[in-house]
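Visitor: Have a look at this one before I ask anything.
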Ligand SMILES: Cc1cc2nc3c(=O)[nH]c(=O)nc-3n(C[C@H](O)[C@H](O)[C@H](O)COP(=O)(O)OP(=O)(O)OC[C@H]3O[C@@H](n4cnc5c(N)ncnc54)[C@H](O)[C@@H]3O)c2cc1C
């Protein structure tokens, strides 16, 4: 088959979830440049759902996604889609303002005593923090489980996942898009959805459209052994200023990040030794954890629009080109509601509860 109703470019969480939402009503082709769906940012996330994170539009979709995570469909295929993990904010003397701002949002962060913080995370060094806050309703997400669920839905509905097929030429002809791929295919559809993450502007340029100014930013993570601490049930611990955090990983390990955001170009990004060292240094100012060696590290690109809000909507320069980009550090936690909203917008249907943010996330605000 070479004729479809929609061609979705990029099979990360964003493209997979949108495709699954469209498949009941549309013939969908999902194109992916790599051998494996999820090879780039989706496979490199920290997998945590945090309500108080990101700009207002992101928070709306994070909140609307909660129900899906907590009460997933029967055929989700994983028994640990959402596993509770609170978020502990530590505020040294100079970060009191940031903690106040977090609490003032009134979205479930409450101030707790330092004694309680230390019960939750016994490694806290006395004297590091002067105050602490707790956000109780965070959870770990099974990213791979959710991604596979969306891909399965697409395939079960008759959609096609085309791996090793980079969209290399995208042309509008006879009221349809013709997409030629690196795998030698030419497929057509009246609608193209740009879910190419860090490559979002590049895909637009290939289609002859102006970029919107996406900035891929590198974020680094390292895995360490925190022995003798047993960390499985620790909260995610971070500074109120969000310049480092740790999160339990696979029961006995800790993930550490310096919350770096280094602008980069779209590519298979690798971790920088200096960023790893900065992350460990910041953590060790707060927590008494010896680091004998870094067991594993990785980096991924979190891609932001110029105002850091989402960019979902049709391009107004040509018919049938839909942007679904700018998910930054929130593309997993927003995926259930974001994909439902995007599917409604693609189909020109009632966007439901996501309607309140449509104007704020219109990608044409950057033109
Ligand atoms: C260290 C780190 C921690 C994070 N932690 C969290 C977190 O805790 N919670 C959260 O919600 N989010 C988190 N994120 C962000 C989240 O991972 C991203 O928002 C999300 O994965 C973006 O998904 P995507 O599908 O847009 O991008 P990607 O997964 O990168 O998918 C885009 C795909 O498009 C493909 N592509 C590009 N060009 C073409 C082309 N021309 N033809 C075909 N295919 C193409 C690429 O190969 C790629 O596979 C984190 C990210 C990082 C790096």
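Visitor: Conditions first: (1) at positive phi; (2) at pLDDT 95 or above. Residue 251 passes all but one, so which condition is the exception?
Guide: Every listed condition holds for residue 251 apart from (2).
Visitor: Across the stretch 1-13, which residue is nearest to the ligand (Cβ to nearest atom) among those that are more than 18 Å from residue 207 (Cα to Cα) and crowded, with 24+ Cβ neighbours inside 10 Å?
Guide: 12
Visitor: Looking at the stretch 325-347, I want the residues that are free of Cβ contacts under 8 Å to residues at least 60 places away in the same chain and have a partner that is assigned to a helix (DSSP H, G or I) and within 8 Å of the ligand (Cβ to nearest atom) with Cβ atoms under 7 Å, at least 6 apart or on another chain. Which pairs are those?
Guide: Going by the 7 Å Cβ cut-off, there are no qualifying pairs.
Visitor: Mind listing just one residue for me: the one in the stretch 146-160 that is surrounded by fewer than 20 Cβ atoms within 10 Å (Cβ to Cβ) and within 14 Å of the ligand (Cβ to nearest atom) and, of those, nearest to residue 203 (Cα to Cα)?
Guide: 160
Visitor: Still on this structure, I have one more. So how many residues does the stretch 80-136 have that are modelled with pLDDT of 95 or more and part of a loop (DSSP other than H, G, I, E, B)?
Guide: 16
Visitor: Among the numbered conditions (1) free of Cβ contacts under 8 Å to residues at least 12 places away in the same chain; (2) within 8 Å of the ligand (Cβ to nearest atom), tell me where residue 16 comes up short.
Guide: Residue 16 satisfies all of (1) free of Cβ contacts under 8 Å to residues at least 12 places away in the same chain; (2) within 8 Å of the ligand (Cβ to nearest atom) except (1).
Visitor: Taking the stretch 250-280 only, how many residues are buried (at least 21 other Cβ atoms within 10 Å of the Cβ), under 18 Å from the mean Cα position of the chain (by Cα) and not in a loop (DSSP other than H, G, I, E, B)?
Guide: So the count comes out to 3.
Visitor: Being within 30 Å of residue 177 (Cα to Cα), modelled with pLDDT of 95 or more and more than 11 Å from the ligand (Cβ to nearest atom): is that true of residue 265 here? Lay out the reasoning, then the answer.
Guide: Values: within 30 Å of residue 177 (Cα to Cα): yes; modelled with pLDDT of 95 or more: yes; more than 11 Å from the ligand (Cβ to nearest atom): yes.
For residue 265, the condition - within 30 Å of residue 177 (Cα to Cα), modelled with pLDDT of 95 or more and more than 11 Å from the ligand (Cβ to nearest atom) - is met.
Visitor: Something else about it: What's the number of the condition residue 363 fails, among (1) surrounded by fewer than 22 Cβ atoms within 10 Å (Cβ to Cβ); (2) farther than 26 Å from residue 46 by Cα; (3) within 16 Å of the ligand (Cβ to nearest atom)?
Guide: Only one criterion in (1) surrounded by fewer than 22 Cβ atoms within 10 Å (Cβ to Cβ); (2) farther than 26 Å from residue 46 by Cα; (3) within 16 Å of the ligand (Cβ to nearest atom) is unmet by residue 363, namely (1).
Visitor: Pick from 279, 354, 331: which is in contact with a helix residue (DSSP H, G or I) (Cβ under 8 Å, 6 or more places away or on another chain) and within 16 Å of the ligand (Cβ to nearest atom)?
Guide: Working: 279 fails: in contact with a helix residue (DSSP H, G or I) (Cβ under 8 Å, 6 or more places away or on another chain); 354 fails: within 16 Å of the ligand (Cβ to nearest atom).
Residue meeting the stated conditions: 331.
Visitor: Further question: Among the residues in the stretch 333-344, are any modelled with pLDDT of 95 or more, in contact with a strand residue (DSSP E or B) (Cβ under 6 Å, 6 or more places away or on another chain) and under 23 Å from residue 219 (Cα atoms)? Break it down stepwise before answering.
Guide: Initially, the stretch 333-344 is screened for residues modelled with pLDDT of 95 or more, giving 333-344.
Still in the running and in contact with a strand residue (DSSP E or B) (Cβ under 6 Å, 6 or more places away or on another chain): 333, 342.
Subsequent filtering for residues that are under 23 Å from residue 219 (Cα atoms) retains 333.
Yes.
Visitor: Given the conditions (1) assigned to a helix (DSSP H, G or I); (2) not assigned by TED's automatic domain parsing to the domain that holds residue 95, which single one is not true for residue 210?
Guide: Only one criterion in (1) assigned to a helix (DSSP H, G or I); (2) not assigned by TED's automatic domain parsing to the domain that holds residue 95 is unmet by residue 210, namely (1).
Visitor: If you don't mind, another one. So which residues in the stretch 32-57 are within 8 Å of the ligand (Cβ to nearest atom), farther than 29 Å from residue 160 by Cα and in a helix (DSSP H, G or I)?
Guide: The answer is none; no residue qualifies.
Visitor: For the structure I just gave you, tell me whether residue 247 is in a helix (DSSP H, G or I), within 16 Å of the ligand (Cβ to nearest atom), within 19 Å of residue 121 (Cβ to Cβ) and not assigned by TED's automatic domain parsing to the domain that holds residue 41. Steps first, please.
Guide: Working: in a helix (DSSP H, G or I): no; within 16 Å of the ligand (Cβ to nearest atom): yes; within 19 Å of residue 121 (Cβ to Cβ): yes; not assigned by TED's automatic domain parsing to the domain that holds residue 41: yes.
No; evaluated as a whole, the condition is false for this residue.
Visitor: Kindly indicate which of 83, 60, 143 is over 29 Å from residue 351 (Cβ atoms), within 16 Å of the ligand (Cβ to nearest atom) and within 18 Å of the chain's Cα centre (by Cα). Before you say what the answer is, go through the steps one by one.
Guide: Details: 60 fails: over 29 Å from residue 351 (Cβ atoms); 143 fails: over 29 Å from residue 351 (Cβ atoms).
After ruling out the rest, the residue left standing is 83.
Per-residue answers, yes or no, for (1) touching a residue at least 60 places away in the same chain (Cβ under 8 Å); (2) out of contact with any strand residue (DSSP E or B) (no Cβ under 7 Å at 6 or more places or on another chain):
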position: 261; (1), (2): no, no
position: 286; (1), (2): yes, no
position: 300; (1), (2): yes, no
position: 308; (1), (2): yes, yes
position: 316; (1), (2): no, yes
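Visitor: Sticking with this one: For the stretch 190-207, give me each residue that is part of a strand (DSSP E or B) and more than 14 Å from the ligand (Cβ to nearest atom).
Guide: Going through the stretch 190-207, the residues part of a strand (DSSP E or B) turn out to be 191-194.
191 - this is the single residue of the stretch 190-207 that is part of a strand (DSSP E or B) and more than 14 Å from the ligand (Cβ to nearest atom).
Visitor: For the stretch 172-189, give me the residue count where each residue is more than 10 Å from the ligand (Cβ to nearest atom), under 18 Å from residue 162 (Cα atoms) and part of a strand (DSSP E or B).
Guide: Looking only at that region, the number is 7.
Visitor: Now for a separate question. Counting just the residues of the stretch 288-327 that are assigned to a loop (DSSP other than H, G, I, E, B) and within 14 Å of the ligand (Cβ to nearest atom), which one comes out nearest to the chain's Cα centre (by Cα)? Explain how you work it out, then say what you get.
Guide: Of the stretch 288-327, the ones assigned to a loop (DSSP other than H, G, I, E, B) are 288-293, 305-310, 315-320, 326-327.
Next cut, within 14 Å of the ligand (Cβ to nearest atom) only: 305, 308-310, 326-327.
Numbers: 305: 14, 308: 13, 309: 13, 310: 11, 326: 9, 327: 6 Å.
Among those residues, the one meeting the criterion is 327.
The values are calculated or read from the model by the stated rules, or taken from the named source; none is laboratory data. Because the structure is predicted, anything quoted here is derived from the model rather than measured. In this analysis, Cβ positions are derived from the backbone assuming ideal geometry, glycine residues included, and neighbour counts consider all displayed protein chains.
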